[in-house]
Amino acid sequence: MVTLQEWLEEIDARARTRLGTGRVADYIPALAEQKADRFGIAVCTNEGDIYTAGEAQEPFSIQSIAKVFLLTLALRVQGDALWERVGLNPSGMPFNSLAQLEAERGKPRNPFINAGAIAVADRLVSAYATPSKHLRDVARTLSGNASIRIDARVRESEWRHRARNAAMAYLMKAFGNIDNDVDQVLDAYFSCCALAMSCVDLARALNYLAADGHARAIGAPFIAPDLARKINSLLFTCGMYDAAGDFAYRVGLPAKSGVGGGIVAIVPGRLSVCAWSPALDDSGNSVAAQYALELIAETLGHTQAPGGGLAARPRQHAP
Ligand code: GLU
């Protein structure tokens, strides 16, 4: 038997063989500069134990992973009324499509495409004086890392290249699905996408989804168990851009990816895991991080350690 730590190190070595495949996001200069040779992975068990390999402590731009925090906070504030503004189904279209939004009268298909997250951000602008600072503080609390910050350069870069996201926001505003000033909503959305967090930060911060809504860092429920289950369902069907079906087939875990190269996956009742590597495939998902999660999922199929954690895997099963 190998320990989880040994297995993560093996995953790290195997995932690095995929470096060199895919391309770093280049829609904004601040992301185009990322080094493609980075890889990190962190597991946070529901007992609060952390296991890491590679550059798991290096902060990166969380980008669309922020949509999970945005959704959680909006559901806490608004409950099911949120679903009058945003749908619950996979879009089958690129994450920044305008065509579908026009055809569906300004109601985005789900909260994990850009239009959906912008509509969700509008709800938070209504609820909080400084929504992105609130979200940053929540990320700090849940991860136990008070130094998490919004990367001003990334936010600035997103703002300068905002044409498409601004077009979506104005289209939704025209249909009455954005209540606040569009610039204010976009600023909140970009600021949250520009949060810089590490694999360890993200695995810790999103562990409430693996733990029935309980956040170990605050020692209390962050959301109700039922809500955690519902968010996980949405992650499963909509969390991986328009390759959610492929990922569900290969990995079978609720997950959210971002164009910064991070992917967080949830193993309900057991653990949360974040893998990161900046080079992306054509769907916008990190090549090496997806592969690492595939290896993790394969392991979970074999073992169930005492206490619900992942502890060991028979070495002879290693492919
Ligand atoms: N901030 C990015 C955008 O709005 C998010 C991209 C992503 O990670 O999907 O274009």
Over the chain: helical MRE at 222 nm, DSSP H runs n ≥ 4 each giving -39500 (n - 2.57), nearest 500: -13000 deg cm²/dmol
Cα coordinate range in the chain, projected on the principal axes (Å, largest first): 59, 41, 36
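Which whole-number percent is the relative contact order of the stretch 1-134 (Cα, under 8 Å, 6+ apart)?
Values: 133 pairs, mean separation 22.9, N = 134.
That works out to 17 percent.
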Contact order normalised by residue count of the chain, Cα under 8 Å, 6+ apart, percent: 27
Max mean-square fluctuation residue, GNM over the chain, Cα-Cα springs under 10 Å, options Leu300, Leu209, Leu186: Leu300
Spin-label model distance (nm) - Asp183 vs Lys133, 7 Å beyond Cα toward Cβ: 1.9
Ratio Rg/Rh, restricted to the stretch 72-142 and using Cα atoms, in which Rh is the Kirkwood radius: 1.01
Centroid-to-centroid separation of the stretch 120-179 and the stretch 19-96 [C-alpha atoms, Å]: 14
Once exposed loop trypsin sites (Lys or Arg not before Pro) are cut out (DSSP; at most 13 other Cβ, 10 Å), longest piece of the chain: 106-319
Whole-percent carbon and sulfur share, accessible surface of the chain, 1.4 Å: 50
Rg and Dmax of the stretch 100-259, Cα atoms only, in Å: 16.1, 45
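I'd like the FRET efficiency for Leu88 and Asp37, computed as 1/(1 + (r/R0)^6) with the beta carbon distance as r and R0 of 45 Å, rounded to 0.05.
Numbers: r = 38 Å, r/R0 = 0.85.
Using R0 = 45 Å, I get an efficiency of 0.75.
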Simple spin-label estimate for Ser283 and Arg160 in nanometres, 7 Å along Cα-Cβ: 3.2
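Suppose every Lys and Arg Cβ carries +1 and every Asp and Glu Cβ carries -1, with no other charges. What dipole size does the chain come out with about its Cα centre, to the nearest 20 debye?
Using Cβ point charges on Lys, Arg, Asp and Glu, the chain gives about 240 debye.
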Angle in degrees between helix 287-300 and the longest Cα principal axis of the chain, rounded to the nearest 10: 50
Cysteines in the chain lacking a second Cys C-beta under 4.7 Å: Cys44, Cys192, Cys193, Cys238
Highest-MSF residue in the chain out of Gly20, Gly219, Gly269 [GNM, Cα springs under 10 Å]: Gly219
Sites Ala81 and Glu47, calculated FRET efficiency, Cβ-Cβ separation with R0 45 Å, nearest 0.05: 0.80
Cα-based helix-to-principal-axis angle, 131-143 vs the chain, degrees rounded to 10: 10
Principal-axis tilt of helix 4-16 within the chain, Cα atoms, nearest 10 degrees: 60
Cα gyration tensor category, rounded, prolate or oblate, for the stretch 141-183 with a/c compared to 1.5: oblate
Residue-normalised accessible area of the stretch 9-85, expressed per residue, 1.4 Å probe, Å²: 42
Long pairs among Lys35/Lys173; Lys35/Lys107; Lys35/Lys67, criterion Cα-Cα beyond 30 Å: Lys35/Lys173; Lys35/Lys107
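The values are calculated or read from the model by the stated rules, or taken from the named source; none is laboratory data. Quick caveat: nothing in here was measured; it's all calculated off a predicted structure. FYI the Cβ positions are ideal-geometry reconstructions off the backbone, even for glycines, and counts take in every protein chain you see. Note: areas computed on protein heavy atoms with side chains; ligands, DNA, RNA excluded. Shrake-Rupley method; radii C 1.70, N 1.55, O 1.52, S 1.80 Å.
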